[in-house]
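Below: one structure, written as structure tokens.
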Amino acid sequence: MALYLVVHSPRHEERPSVQEPTRLVAMARDALVPASLPKWISTYSPDLHDDRIFSMWEANEGAQILEALERYGFLTDMEAHPIRVQRWGPADVLATEHEAID
């Protein structure tokens, strides 16, 4: 299973004023089911000067995330671009450096 960062950007085209509500609660419940895929992990909102939202997911491929976002009603006002990423940090760098020295 891969880790994905999804960049959600507002659509700047005219949309009907009446839209179906998103199914955020259902998406949250489904994310807590251990075997569910794709799995929504978390969402990050930048400061007030940035309209984008960023979310982290576990999935086999980015298309699964787009299908889920469509199913839960999140592609009406926002575009989503999944990017496969690897998580690493200081401990990983130091572990690699230690292995190189040995």
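The values are calculated or read from the model by the stated rules, or taken from the named source; none is laboratory data. Everything numeric in this text was worked out from a predicted model, so none of it was measured. Glycine gets a Cβ as well: all are built from the backbone with ideal geometry, and neighbour counts include every protein chain shown.
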For this session: Run residue 68 past the list (1) within 16 Å of the chain's Cα centre (by Cα); (2) surrounded by fewer than 11 Cβ atoms within 10 Å (Cβ to Cβ) and report the number of the one that doesn't hold.
Result: (2)
Seminar exercise, completed: Pairs returned, first residue in the stretch 32-51 that is small (Gly, Ala, Ser), second residue that is part of a strand (DSSP E or B) and surrounded by 13 or more Cβ atoms within 10 Å (Cβ to Cβ), beta-carbon separation under 6 angstrom, 6 or more apart or interchain, are 42/56; 45/53
For this session: Enumerate the pairs (first residue in the stretch 66-87 and on the phi > 0 side of the Ramachandran plot; second residue anywhere and among the acidic types (Asp, Glu)) with beta-carbon separation below 7 Å, excluding pairs fewer than 6 apart on the same chain, so at least 6 apart or on different chains.
Result: 73/20
Exercise. Applying the selection to the stretch 71-102, what residues are exposed (fewer than 13 other Cβ atoms within 10 Å of the Cβ) and of a type in the set (S, T, N, Q)?
Worked result: 86, 96
Problem set entry | Segments classed as helices (runs of 4 or more DSSP H), wholly inside the chain, with at least 2 members that are touching a strand residue (DSSP E or B) at 6+ places or on another chain (Cβ under 7 Å) | 24-31, 62-71
Exercise. Restricting attention to the stretch 26-49, which residues are surrounded by fewer than 10 Cβ atoms within 10 Å (Cβ to Cβ) and modelled with pLDDT of 90 or more?
Worked result: 32, 33, 42
